[in-house]
Every structure is written in structure tokens, then in C-alpha cells.
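Report on the structure given below.
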Amino acid sequence: QVQLVESGGGLVQAGGSLRLSCAASGSIFSINGMGWYRQAPGKQRELVAGITSRGSRNYADSVKGRFTISRDNAKNTVYLQMNSLKAEDTADYYCNARVFRSGSSGYSDYWGQGTQVTVSS
């Protein structure tokens, strides 16, 4: 089994910063892409940022220049540094990883439980 555990959410004022972390554990052989998604009340889940195993990054237009995704492959951990936060960044943030489990035949997607980010204006 594979678990993704997120941390770092909370309440912050507009203009402030937060850093999210997501650690993957379990029977992991390798991890391909990792990413962060978010879902605001009444809206669909959307990709915020993604990073490949080689470090290539992509971002939603709404967070470019403010958020930075990074990963530590040795720790199977992905981070999201969020700066200049805005009220519209308020959402539940979910970590995603494409994992090749030991003994399996291919990659599968796994999700964390979510961490809440609230930005007060």
C-alpha cells in the first residue's frame, strides 16, 4: 500500500506565505510525476503545479510567479511554496503522486487526504 501525508496548511493573511509538504510512504519502487491540486467550495478540483521525476515543472496560470513546486526524490516528498497568497487561493489542497509499487505491473495514481488553506483578505 502507498500513503501520501500532507502538512503545512492553515490560516494566513493575504500577502502571506505557506509551505505545503507531502510525503509518500509504503511499498514504493519509484515515483514518476508528483503534483498539487486544489478544490475550492463549489468548484472542480484543479491542477496547481506538477513536477516530473527529472524536475520539469508546470503551473496553473493563476499561480505562476507566486508558487514554487519542488521535490526531494530521496525522501519521496513534494513541496509547494506559496507566496503572495490571495483570498482566491483559499481551498483544500491535495497531493498527487504517480507511483510504481513494488511488485506491481505499472504506475497508479495516489492522493493525499487534503490540507486546508484559508487566506483572509
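The values are calculated or read from the model by the stated rules, or taken from the named source; none is laboratory data. A quick note: this is a predicted structure, and the numbers were derived from the prediction, not measured. As a convention, Cβ positions derive from the backbone with ideal geometry for all residues, glycine included, and neighbour counts pool all protein chains shown. Calculation scope for accessible area: heavy atoms of the full protein, side chains included, ligands and nucleic acids excluded. Shrake-Rupley method; radii C 1.70, N 1.55, O 1.52, S 1.80 Å.
A few comments on the model shown:
- Selection from the stretch 106-117 of residues that are more than 19 Å from Ala24 (Cβ to Cβ) and loosely packed, with under 15 Cβ neighbours inside 10 Å: Gln116
- Set Ser21, Ser120: member being among the small types (Gly, Ala, Ser), modelled with pLDDT of 95 or more and more than 21 Å from Gln1 (Cα to Cα): Ser120
- Those residues of the stretch 14-70 which are more than 15 Å from the chain's Cα centre (by Cα), under 24 Å from Tyr107 (Cα atoms) and in contact (Cβ under 8 Å) with a residue 60 or more places away in the chain, in sequence order: Gly26, Ser27, Ile28, Phe29, Ser30
- Residue, nearest to Asp89 (Cα to Cα), within the stretch 38-58, restricted to residues that are of a type outside the set (A, V, I, L, M) and open to solvent by less than 60 Å² (accessible area, probe 1.4 Å): Arg38
- Residue selected from the stretch 81-95 under the condition open to solvent by 20 Å² or more (accessible area, probe 1.4 Å) and either of a type in the set (D, E, K, R) or in contact (Cβ under 8 Å) with a residue 60 or more places away in the chain (or both), by the criterion farthest from Ile51 (Cα to Cα): Ala87
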